[in-house]
1. How many angstrom lie between the C-alpha centres of segment 9-30 and segment 95-157?
2. Pulled fully out, how much extra length does the chain show between THR172 and MET4, if you take 0.36 nm times their separation in residues and subtract their Cα-Cα distance?
3. How long, wide and thick is segment 30-84, going by the Cα atoms along their three principal axes, in whole angstroms, largest first?
4. In bins 10 Å wide, starting from 0, what share of all Cα pairs of the chain does each bin hold, as a percent?
5. Which residues in segment 198-229 have a backbone N closer than 14 Å to a point placed 7 Å from the Cα of ALA26 along the Cα-to-Cβ line?
6. Size of the dipole of segment 6-229 about the Cα centre, Lys and Arg at +1 and Asp and Glu at -1 on the beta carbon, nothing else charged, in debye to 20?
7. Tell me which trypsin sites (Lys or Arg not before Pro) from segment 62-133 have a DSSP coil assignment and no more than 13 other beta carbons within 10 Å of their own.
8. Round to the nearest 0.05 the FRET efficiency obtained for THR220 and ALA39 when R0 = 45 Å and r is the Cβ-Cβ distance.
Amino acid sequence: MQTMRRVLITGANRGLGLEFVRQCLARGDRVFAGCRNPAKATALQALSADHPGQLTIPPLDVTDEETIAACVEAMRSQVDGLDLLVNNAGIYPRGETPTTLNADTMLRAFHVNAVGPMIVAKHCLDLLRAGDHPKIVNISSKMGSLWWKEREGGGDYSYCSSKAALNMLTRTLAFDLRSDGIIVVALNPGWVQTDMGGSNADLTPAESVCGMLEVIERLTESDSSKFFTWEGKEHPW
Ligand SMILES: NC(=O)c1ccc[n+]([C@@H]2O[C@H](COP(=O)([O-])OP(=O)(O)OC[C@H]3O[C@@H](n4cnc5c(N)ncnc54)[C@H](OP(=O)(O)O)[C@@H]3O)[C@@H](O)[C@H]2O)c1
């Protein structure tokens, strides 16, 4: 029988992050739902009322290391280990062309999509080491795949390159954490109906997250450093 998993999800107030929270709560996990503004996270507050003692909503901006440290301290006071970190928070700057590229926009995307997940992981390491079959799941995108880029063409410089950086960081961290038994993977959630994905996307958040949680459950140490689709197929880099 699976014991209660202890889970941290970033960017948990809407979209895929919120759906991760819903499905993790439904299966009985102890969930920490990090978001930038808990006071305005009405969907999370409603879930907290429905699941007393199961959900904490710490303030967490993945570009602000003070909030990351405070979030992990708050977790440490409530649990003695972490079994799953889902680095989900992300941004997607639109409309970039080679002549309109903006350094601040690019750096912001790198900070949120690639650097932030690493700094969150850094602060969680002690708790993860004390976790049960601990895993770090970085929510990437097919748009971070060099293989896909060759087929689908240009544009979206900040998003694609920051997700490609996240993929490389996933492999690097997986290598360094192998001796700790911490599994690190990148996951492509598919094209999903969220604010980011838009209403024409292929999948509902429920479908995507259900698939991803099944993939995460099946991960073994030999899967660490790999890139998977939401259905569990290996994704080309
Ligand atoms: N939807 C898709 O089709 C799709 C496809 C491939 C990959 N993905 C990836 O899946 C993940 C979730 O995407 P989504 O579709 O759910 O996007 P979304 O609906 O736009 O939600 C993004 C989430 O990230 C949070 N966030 C943004 N900047 C943050 C920061 N600095 N610190 C903490 N949280 C921050 C947002 O919080 P606020 O409400 O405070 O802004 C929000 O909770 C992202 O990494 C995205 O790149 C999505």
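Taken together, the values in this text are just the output of simple stated rules run on the coordinates, not laboratory data. This is a predicted model, so every value here is computed, not measured. With ideal geometry, Cβ positions are generated from the backbone for all residues, glycine too; neighbour counts draw on all protein chains shown.
1. Result: 20 Å between the Cα centres.
2. Working: separation 168, 0.36 × 168 = 60.48 nm, distance 2.91 nm.
That works out to 57.6 nm of additional length.
3. That gives 29, 26, 17 Å along the principal axes, largest extent first.
4. Answer for the chain: a P(r) of 8, 34, 39, 16, 2, 0 percent.
5. Zone members listed by number: 204-214.
6. Roughly 160 debye for segment 6-229.
7. Those that pass, being in a loop and sparsely packed, are ARG94.
8. With a Förster radius of 45 Å, E is 0.65.
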